[in-house]
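So the structure is just underneath, and the comments pick up after that.
The values are calculated or read from the model by the stated rules, or taken from the named source; none is laboratory data. Treat the numbers as computed from the prediction; the structure is a model and nothing was measured. The protein model used for the area step is the full one, side chains on, heavy atoms only, and it has no ligands, DNA or RNA in it. Shrake-Rupley method; radii C 1.70, N 1.55, O 1.52, S 1.80 Å.
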Amino acid sequence: MKGNKIEFKKISVPLPSGTKALNTLYYVVDNGRSDVIENLDKLDKTALSITKRLFAQMIINDECKSKKIQYKLWHHPYGEIKPMPRRFFFFRKFGNHIIFFDYRKKKKDSLGEEVYTVIEDKMRKYEKAFERYRKESK
């Protein structure tokens, strides 16, 4: 059985003039598919604009203060950005690399602990893959 082909691609968004990038954002492509990009492409103009502004804030700030960005979820080692009712999940690796790896749509309440555990399992898989990616790209 052949293993998954996991790739990491940079997310680039326009930054406010005079700002410097402190972080690099990536999204995961697993066997040619990316939940993050596929769902970004489905956003309406307003939601896409909000999401791109959140990405820009994450690029130029170490930890920006926003109700729409949570760097660590309760009991889990990953964070989310939440342009309602959407959730884009990410983790930080090697200090200034932020990797977006999952997407969920949530209409109300919590997604449920079992869903958060599945998301964490995916994060662990992609975290190991990112470590290999960084070693190979040096």
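Mean separation of Cα pairs under 8 Å and 6 or more residues apart, divided by the residue count, gives the chain a relative contact order of 23 percent. Of all aspartates and glutamates in the structure, those lying under 18 Å Cα to Cα from Lys105, and not within fewer than 8 positions of it along the same chain, are Asp35, Glu38, Asp41, Asp44, Glu80, Glu113, Glu114, Glu120.
Of the listed values (1) 45, 39, 29; (2) 71, 44, 20; (3) 72, 29, 28, grab the one calculated as Cα extents along the principal axes in Å from the structure here. Checked against the structure: label (1). Using C-alpha pairs under 8 Å with a sequence gap of at least 6, the mean separation divided by the residue count of region 51-107 gives a relative contact order of 22 percent.
Element breakdown for the chain at a 1.4 angstrom probe: carbon and sulfur atoms account for 50% of the accessible area.
Among Tyr133, Tyr27, Tyr78, the order of accessible area from largest down is Tyr133, Tyr27, Tyr78, computed with a 1.4 Å probe on protein heavy atoms. Which of rounded, prolate, oblate describes region 80-125, given a ≥ b ≥ c as roots of the alpha-carbon gyration tensor eigenvalues and a/c under 1.5 marking rounded, otherwise prolate only if a/b is larger than b/c? Taking the square roots of the gyration eigenvalues as a ≥ b ≥ c, region 80-125 is oblate. I'd like to check one number: the per residue accessible area of region 31-138, probe 1.4 Å, reported in Å² as a whole number. That works out to 60 Å² for each residue. Computed over the Cα atoms of region 36-76, the ratio of the radius of gyration to the Kirkwood radius (Rg/Rh) comes to 1.02.
Cα centroid distance between region 108-138 and region 1-51, in Å? Centre-to-centre distance over Cα atoms comes out at 15 Å. Compute the Cα gyration tensor for region 1-49, then decide on rounded, prolate or oblate, letting a ≥ b ≥ c be the square roots of its eigenvalues: rounded whenever a/c is under 1.5, prolate when a/b is larger than b/c in the other cases, and oblate in all that remain. Oblate is the answer for region 1-49, as a/c is 1.5 or above yet b/c matches or exceeds a/b.
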